[in-house]
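Accompanying notes for the structure given below.
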Amino acid sequence: MQAELILSPSDFVAITNQTLEYALGIVCIEGEISNFRISKNKWLYFDVIDSESKVSFFGTIYHLPGPLENGMVVKVTGRPHLHNKFGFSISVQTITPSGEGTIKKLLDALKKKLENEGLFKQDRKRMIKYPPVGIGLITSLHSAAYADFIKILNARWPFITVEVCNVLVQGEGAPAEIVQAIDYFNESNSNLDALIIIRGGGSEDDLSAFNDERVVRKISSSRIPTLVAIGHEINLSLGELAADKRASTPSNAAELMVPDLQFERKYLQQSKTLLVEYLNAPLQAEENNLHQVRLNLIRNLRIIFEIEKQKVENFKDLFVAYNPNNILKRGYSLVKKEGKIIKVETLKVSDAITVSTHYADIEARILAINKIGKD
């Protein structure tokens, strides 16, 4: 029996690279560029794909023949290599562009087809209740997108009911699960205000489920208004174009769906302050007016009092002037008959009278009446 060959990781990497070098040497692979990126303005990373497979490449920017982008078809020569930390890739030697990718052509054709059918028209898009009372969330429960969405949603507006449907968001089975989730929510008796479909960033391959025709049509035909946020802001899937509303990221989806509770509280407090000021303004004006009326009333009462006081003083002076005793003091006298003041012209000879002066009453009798003639 042959003894088991046990290798260390480093030995396995070394043997594999020797085998690749001996068996393949330099290879030339043609396909469509995907997940193209440049790191630190020096290192070059991309995949070359077809409809079923992908191969990773590594090189430097000095290997670039000119501007490259996802979807371009290229021929790439290089040496297959198993890195001791970063896995299998092909070290680039040359890159030659050779046309537009089949996958990109198919995606552009599907986009044009659906666009001609009107699935992306703006006038088809419906308003989503704001803020919603209940939403259906379609995503992977194990994703950072789900964690970010729920965290921001609860922090901003913790009064919303969320029903979650856990689905694959990439891979072959993802489109079917997403379609089933949309059907589930639309056919259930849940009174939902919106369907939210989210996924974090990734390569074009990772996001391809949301360019699937089945998914796009199902989003477009959903009875419940839809909001879709796939990848980062630079990513734009056909599913987002078909949705009633699009968000740039899952976090942005949460921000668009609900208001900020702290902001709303601050706004209400400011509104309350302004309302109190608005209501107090006429009250303060009336209070100021009443104060002025009071001052005017006091001033007018004082004027009236002074006038009446002067009248009393005048009456007092008249009373003093017309007081009989004061008249008698000036040498005048009163003639009384039988205790009553009479007019002198009514007297007759032999009448008994009393003459009252300031000093004494004088009893007398009329002996004669000598009338004084008038000129």
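The values are calculated or read from the model by the stated rules, or taken from the named source; none is laboratory data. All of these numbers come straight from a predicted model, not from anything done at the bench. Cβ: placed from backbone, ideal geometry, glycine included. Neighbour counts: every protein chain shown.
Structure notes:
- Here is the figure for segment 192-240: residues that are in a loop (DSSP other than H, G, I, E, B), β-branched (Val, Ile, Thr) and crowded, with 17+ Cβ neighbours inside 10 Å total 1.
- The residues of segment 208-228 that are of a type outside the set (S, T, N, Q) and without any contact (Cβ under 8 Å) to a residue 60 or more places away in the chain, listed by number, are 209, 210, 212, 214, 215, 218, 219, 223, 228.
- Residue check for residue 89: more than 30 Å from residue 260 (Cβ to Cβ), outside the structural domain of residue 216 (by TED's automatic domain parsing) and in contact (Cβ under 8 Å) with a residue 12 or more places away in the chain: yes
- The residues listed here are 137, 168; of these, the one that is surrounded by fewer than 20 Cβ atoms within 10 Å (Cβ to Cβ), in contact with an Asp or Glu (Cβ under 8 Å, 6 or more places away or on another chain) and assigned by TED's automatic domain parsing to the domain that holds residue 255 is 168.
- Residue match in segment 140-149 (condition: under 22 Å from residue 190 (Cβ atoms) and surrounded by fewer than 17 Cβ atoms within 10 Å (Cβ to Cβ)): yes
- Pairs with Cβ under 6 Å, 6+ apart, first in segment 274-295 and at pLDDT 85 or above, second not aliphatic (A, V, I, L, M): none
- Qualifying residue in segment 13-35 (condition: buried (at least 16 other Cβ atoms within 10 Å of the Cβ) and either of a type in the set (Phe, Trp, Tyr) or without any contact (Cβ under 8 Å) to a residue 40 or more places away in the chain (or both)): no
- Number of the condition not met by residue 84 [criteria: (1) in the same structural domain as residue 14 (by TED's automatic domain parsing); (2) surrounded by fewer than 16 Cβ atoms within 10 Å (Cβ to Cβ); (3) without any contact (Cβ under 8 Å) to a residue 60 or more places away in the chain]: (3)
- Summed over segment 39-59, residues that are in contact with a strand residue (DSSP E or B) (Cβ under 6 Å, 6 or more places away or on another chain), in a strand (DSSP E or B) and without any contact (Cβ under 8 Å) to a residue 60 or more places away in the chain total 9.
- Here residue 189 qualifies as assigned to a loop (DSSP other than H, G, I, E, B) and polar (S, T, N, Q).
- Looking across segment 334-375, the residues that are part of a loop (DSSP other than H, G, I, E, B), surrounded by 14 or more Cβ atoms within 10 Å (Cβ to Cβ) and not aliphatic (A, V, I, L, M) come down to 351, 358.
- Search result, residues across segment 1-38 that are among the acidic types (Asp, Glu) and assigned to a strand (DSSP E or B): 30, 32
- Residues of segment 259-276 classified as surrounded by 11 or more Cβ atoms within 10 Å (Cβ to Cβ), part of a helix (DSSP H, G or I) and charged (D, E, K, R), total: 2
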